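A short worksheet on the structure shown next.
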Amino acid sequence: MNRTKNVLLTLALFIGTLPFLGKMINATEMKYYEVIFPAPAAPEAGELVMAAEWRIAIPKGVQTLRGVLIHQHGCGEGSGNSGRTGAIDLHWQALAAKYDCALLAVSYRQENHPCENWCDPRNGSAQSLFKALDHFAQTSGHPELSVIPWTLWGHSGGAHWSGSMVQLYPQRVVAAWLRSGHPDCVGLTFDSLPMNEDVLTVPIMLNLGAKETDISFVWDTAWVYFQKIRAQGAKIGVMIDPETHHETGNSRYPAIRFLDICMEQRLPVVPGSSELRPMQTEVLLPANELEDESHRAFVQNGIWLPCEEFVDVWKKYSADNTFEDETPPPAPTDVSIDSVGLMTWKCDADLESGLETFAIYCNGEEIAKLPTAPTVNGRPLFQGMSYSDTPDASLPIMAFKIDPYRAEEEKVYSVAAINTAGLVSSQTEAQKR
């Protein structure tokens, strides 16, 4: 039997049934749905052998969705646990909401099952996805979820899954970011998957950590995968993260920029349609742009990038794991303060650099900064960061208690957002309530 939850996050709602959601507020209000498919007692051929927990965030007020942004965790029980918070990530929500898309994440309850039991989509995980989308199409009032295209992000085994989905269902995929994995690295080879002209139209970015060279089944086979698929004309690039091993690090920042460009060009113009558009721009970087000479032989057909603007992102990130951002984040909205000094607000994440923290001001002078949540790797974030690019389970609320506070005093309190590039938004004054 399926267990379903439908949750609309508001300040007044205390969420006890879904503790992983916490009490978070954001300006782009989302409706959350959950469905859990238990492990079958006697799996049939091609059926997923493990339980799968699917969660989706849908921007409130969107009448018809244009696509689904899927965030796919990697192999192992820890990565599976991290998938439980994928749909509540403010940064990824900002990308989804920009294009009237839903944000979908899954947590496979892997336990003692081999990773290929799910990361090969043919072993039932693709059918689990279809089943979940059909379920959400009915429960959310968005029937288009069954047909609209997907934008894929995957880490490790999740990258294996995402790359495989490109080859199995290319007409459904807008673009794919493959972090530390690809369809050659776990339990099968991409040569056993379909390869046709539709596959060659899907933008793909292969993202490897320079320090994970000791994981030969990821690193060594990645270059062969890239060479073979690129030689056939695939729109595939490769970015080396100079600072990381197998962890995701700061890869979400170039990933979101890459997927943003691809979604803008390829998502259907008509909401609810399944008709993808071709890329209108592209750039081919020559092999000599790669610093390591041993890898240049694998990129003789050039490194595919989506546009000239992304060339600068590629070069900066490849050189020192950084990127440029000159624009401040969105300012907080709906800022209010009650009679005992509790100030609350809403805020979207900055699409380029995410959301690190908030600064609190009294009469224009900073009096406090909210702490960031635990971050395993990468830049500090307001929601924290796991090994697998998902928020920390203990999510903070956008609130600050002013102590001491006297309602009769003529003081002006305000709040500003700070992104991970250190840029500060304009201050939004709190209204008394």
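Side notes on the structure shown:
- Assuming charge only on the beta carbon of Lys and Arg (+1) and of Asp and Glu (-1), the dipole of segment 30-101 about its Cα centre is about 420 debye to the nearest 20.
- Listed peptides 55-62, 410-417 appear in the order 55-62, 410-417 once ranked by packing, highest mean of other Cβ atoms within 10 Å at the front.
- Sites Glu308 and Asp403 - FRET efficiency at Förster radius 45 Å, r taken between beta-carbons, to 0.05: 0.30
- Straight Cα distances below 20 angstrom link Lys432 to the aspartates and glutamates Asp334, Asp338, Glu365, Glu366, Asp403, Glu408, Glu409, Glu410, with same-chain residues fewer than 8 positions distant left out.
- Here the Karplus relation 6.51 cos²θ - 1.76 cosθ + 1.60, evaluated at θ = phi - 60°, turns the backbone of segment 206-214 into coupling constants of 8, 10, 10, x, 4, 8, 9, 5, 6 Hz, with x for every Gly and Pro.
- Options [x] 1.01; [y] 0.98; [z] 1.40 - which one matches Rg/Rh (Cα atoms, Kirkwood Rh) as calculated here: [y]
- The 3J(HN,Hα) values that the Karplus relation (6.51, -1.76, 1.60; θ = phi - 60°) gives for segment 387-392 are, in residue order, 4, 9, 6, 10, x, 5 Hz. Gly and Pro appear as x.
- Placed amide H near Asp241: partners under 5 Å, 5+ positions off or other chain: Leu208, Gly209, Ala210
- Mean residue ellipticity (222 nm) of the chain, computed from DSSP H runs ≥ 4 via -39,500 (n - 2.57), nearest 500: -6500 deg cm²/dmol
- Accessible area per residue for the chain, computed on protein heavy atoms with a 1.4 Å probe, is 39 Å².
- Element breakdown for the chain at a 1.4 angstrom probe: carbon and sulfur atoms account for 50% of the accessible area.
- Mean separation of Cα contacts under 8 Å, 6 or more apart, over the residue count of segment 34-165: relative contact order %: 32
- Prolate/oblate/rounded call for segment 264-330, Cα gyration tensor, a/c under 1.5 rounded: oblate
- Under-5 Å amide H pairs with Thr151, H placed in peptide plane, nonlocal only: Val68, Leu69, Ile70, Val174
- Distance violations [Cα-Cα > 27 Å] among Lys235/Lys316; Lys346/Lys369; Lys31/Lys98; Lys131/Lys346; Lys211/Lys235; Lys346/Lys401: Lys131/Lys346
- Rounded to the nearest 20 debye, dipole of the chain from Cβ charges on Lys, Arg, Asp, Glu: 1140
- For the chain, the relative contact order works out to 14 percent when only alpha carbon pairs closer than 8 Å and six or more residues apart are counted.
- Protection proxy ranking, highest mean first, for peptides 265-277, 347-359: 347-359, 265-277, where packing is the per-residue count of other beta-carbon atoms within 10 Å, averaged.
- Table column - 3J(HN,Hα) (Hz), segment 348-355, Karplus curve with 6.51, -1.76, 1.60, x for Gly and Pro: 7, 6, 5, 4, 7, 10, x, 10
- For segment 172-256, the gyration tensor built on C-alpha atoms gives an oblate shape. Its axis ratio a/c (a ≥ b ≥ c) is at least 1.5, and a/b is not larger than b/c.
- For Thr375, distant residues with modelled amide H under 5 Å away: Met385
The values are calculated or read from the model by the stated rules, or taken from the named source; none is laboratory data. Just so we're clear, the structure is a prediction, and the values are computed from it rather than from any experiment. As a convention, Cβ positions derive from the backbone with ideal geometry for all residues, glycine included, and neighbour counts pool all protein chains shown. Areas reflect the complete protein model, heavy atoms only, side chains present, ligands, DNA and RNA absent. Shrake-Rupley method; radii C 1.70, N 1.55, O 1.52, S 1.80 Å.
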